[in-house]
């Protein structure tokens, strides 16, 4: 709390703020158009999104204001709280479409698996901060961080929420890439993954999940697909994107959106609406914002004054990177459909809060890069 | 932990940030390339898909033209069929129950409805599916009165799962009368659709299959219109249709008036009542207009248009009396003795025969080592041409044929249109066949003089259609003008405006001298009115004077099939009964052909039918011509010329 005051104002990270604010404003606008197609059910979502963003901004300010070294101190406590929340899910969350994800507190619904991501980042940062080893790491050195991952991840898999679990794994992997892993260890890990993938496909996946992957693979290799079946959503999403052309059809003018050809435009497929209405030019703008956000996060990491800050920033960069790439990739059929939101753009309270906590962490590391 | 060491450790990470930044840039580069592919390269394709997604073209069916007879009686028209469509996705609790009650369904009907609903696949739940066709007026009234019970509020709109749609169906008030000539419609088959799509046909369309309905399809059907509407993904009509949907109004089909006289058709049907199979044609000798054209047995046109079941169709197809065959046009028959006038003309016109010369008939004629039988075993004694015609003496015509030869007879027959398609323009027309010597040569059939003898009496290989014979007798009656049979007399717009009056078409003027024709007509008159005549016994005294010729056409003995029962074989081997003639004798108006398939003697069976028809048709308005005026054609008012208009 030392540096709050004049110094902090000077160090305020304007590029980060402007980027995040731009994405959020564009997201709300886009959400307005996306939900206008179904006013009976979704008409008020954009207002709720504004509420969430406002709350999220408050949380971000709070997260940024407290010197992150306090987080380092309380990291294990946060990690423990996270685990408890994830356990609470099994007690409190009602089953929705075969899985337990949301717990309801007052009028709010909270998705602990979302909050698990920043907690995981902080916990890994804490571990690496305390383990300043510069020589090559062996697999043994990975045991502790792996355990840190497996705690929340296994609970998330039990919900089950494969998408979030996968994201946690990706964030973990990204952070570990930062360290100097021995080549042999890296090779072993990659081989293990390659061998495990088909087993997971057969044993670990539900039928509908395999169906999505199969559909995606058919599209990748250019087979004829039945667009009225499994591929409907992705196909119509591609039609929306493609028909947007260079300049787009204009705000509220996307026919694929307005005539409800793309399902879930508010949650998982908002990018289809944006691409349809704003065209390639609009997509370049949005992709540019995300690339900038991620590269800027890496820059913040590189200028961070300590390991904890650097790892946190890289973790947040990984969070934004994997979320945006997987979401955009699935919307344009580069990847199979997984329920992964586009941070700051998709509708969703927990998603917005998590993103905002991550932004707050970034800001925190950024502001305090020169303070000793 | 010292500050210094912390900075160094962070520096250890620093090498990797660049690689991470590179990896991020490459991955996003791939996404940008994907976007370029979708949004720049394939945008036209996807744009088209997006446009097609939201537009649906609804066909607006054109009303099919109405067919009337010469008096304006409606022969073929349209009535609404009320069909019930259900949208399964919109069915609310209790809707099925309400609908079942309104429709008055019994337990079986309710079960069937539930089963059919359950059978609708999930992906079609948002489609309107036809569940009931052509419901009764009571059912319609019930559903319309209680429509509010089936309407529900969903969000801000009123929706209903049940809709009643009126679609026009063809209907034929005269039912089975004249079915072959009028024709029926039925639904296009899938394999025809590809071919007919460019002409504007769509799935579910009906097309004329036979008769007038088929021949005049293009005028009758009109042109379908269309309306493009905007739809949402669930195929419900979109509420955000700010663009004006394009509407192309349908163009109704043309109305057609036929030359047929349905009153006469009824008379014909009544007269034929005792005979299971045959054909009748009545034509106006002055214009070639077809007043009646009937093929027996017939079938209900409405049944065909509604769609026959497999069994119903099989019953018709396998019926030994062949109801599906148009015997007036499609099938050709041995003409028998009704052919004799043309043999006579061949002899008379070339002055090879003196009609007053007598030929002795002993009941058969010896030629080429064979005995050719006469129709009367005991023989007719000495007969001249008139007597031979009246009594239908075969021997006279054998002797004539020997002198005249086959080719002269064939030429006259062909001049009168026999053995040639008449060009009536409906159904498939058989050309029939008139043999010639060159035909036998061309087909390597060893020539025998007997061919000419058989042809002269309308046997051998001679085959004609009913409509051909009708036109030929009309030509005999009108002084030698061979007309194209005319069946459509007027085309008009739905509002009654006449678009085209069709004129009679002359095919040819056959040269036959006046005295020869007069002689023949006198002979025909004798057939009916002279006590020697073959139809004298069945004439109606003091009625319309009728002239004509009877015919009893032998059919070749078929080998009796073992499984064929005797009665059926007996029937099939019986001769065809013919009567060909015209009336009134002194100023002919109509020519008539009656052919009763396997009917037996023409004089006994066909002649009374023809006489009854002509009597009923012409009798009520017939006024006998004053006897004293010799040749008064020029100043006699054609009192009956307007008949039928």
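The values are calculated or read from the model by the stated rules, or taken from the named source; none is laboratory data. As the structure is a prediction and not an experimental result, all values here were calculated from the model. Backbone-built Cβ (ideal geometry, glycine too); neighbour counts: all protein chains shown.
For the reader, a short list of remarks on this structure follows.
- Any chance residue B:365 is touching a strand residue (DSSP E or B) at 6+ places or on another chain (Cβ under 7 Å), closer than 13 Å to residue B:453 by Cα and without any contact (Cβ under 8 Å) to a residue 60 or more places away in the chain: no
- Just one of the listed residues (A:255, A:246) is free of Cβ contacts under 8 Å to residues at least 24 places away in the same chain and facing chain B (nearest Cβ under 7 Å), and it is A:255.
- Screening residue B:325 on (1) surrounded by 20 or more Cβ atoms within 10 Å (Cβ to Cβ); (2) within 24 Å of residue B:207 (Cβ to Cβ) shows it passes everything except condition (1).
- Some residue of the range B:105-125 being in contact (Cβ under 8 Å) with a residue 40 or more places away in the chain and either more than 30 Å from residue A:324 (Cα to Cα) or crowded, with 19+ Cβ neighbours inside 10 Å (or both): no
- Conditions (1) more than 14 Å from chain A (Cβ to nearest Cβ); (2) in contact with a helix residue (DSSP H, G or I) (Cβ under 7 Å, 6 or more places away or on another chain); (3) over 30 Å from residue B:114 (Cα atoms); number of the one not met by residue B:70: (2)
- Total residues in the range B:348-362, condition within 25 Å of residue B:378 (Cβ to Cβ) and part of a helix (DSSP H, G or I): 0
- Of the residues making up the range A:285-304, those that are touching a helix residue (DSSP H, G or I) at 6+ places or on another chain (Cβ under 7 Å), more than 7 Å from every other protein chain (Cβ to nearest Cβ) and surrounded by fewer than 22 Cβ atoms within 10 Å (Cβ to Cβ) number 3.
- Beta carbons closer than 6 Å, at least 6 apart along the sequence or on distinct chains, pair a first residue in the range B:40-54 that is at the interface with chain A (Cβ under 7 Å from one of its Cβ atoms) and modelled with pLDDT of 90 or more with a second that is surrounded by 13 or more Cβ atoms within 10 Å (Cβ to Cβ) and not in a helix (DSSP H, G or I) for B:43/A:245.
- Take the conditions (1) modelled with pLDDT under 90; (2) over 30 Å from residue B:246 (Cα atoms); (3) facing chain A (nearest Cβ under 9 Å); residue B:31 misses just one of them, which is (1).
- Annotation: residue B:422 fulfils all but one of (1) modelled with pLDDT of 90 or more; (2) over 36 Å from the mean Cα position of the chain (by Cα); (3) buried (at least 17 other Cβ atoms within 10 Å of the Cβ); the unmet one is (2).
- Selection within the range A:123-154 - surrounded by 14 or more Cβ atoms within 10 Å (Cβ to Cβ), at pLDDT below 90 and part of a helix (DSSP H, G or I): A:128, A:129, A:139, A:141, A:142
- Count of the range B:574-587 residues which are over 16 Å from residue B:464 (Cα atoms) and modelled with pLDDT under 95: 6
- Selection count where residues are facing chain B (nearest Cβ under 8 Å), part of a helix (DSSP H, G or I) and in contact (Cβ under 8 Å) with a residue 60 or more places away in the chain, scope the range A:258-284: 1
- Applying the set (1) more than 9 Å from chain A (Cβ to nearest Cβ); (2) farther than 29 Å from residue B:230 by Cα; (3) in a helix (DSSP H, G or I) to residue B:89 leaves exactly one unmet item: (2).
- Sole residue being outside any strand (DSSP E or B), surrounded by 20 or more Cβ atoms within 10 Å (Cβ to Cβ), under 33 Å from the mean Cα position of the chain (by Cα) and in contact (Cβ under 8 Å) with a residue 60 or more places away in the chain, chosen from B:527, B:544, B:555: B:544
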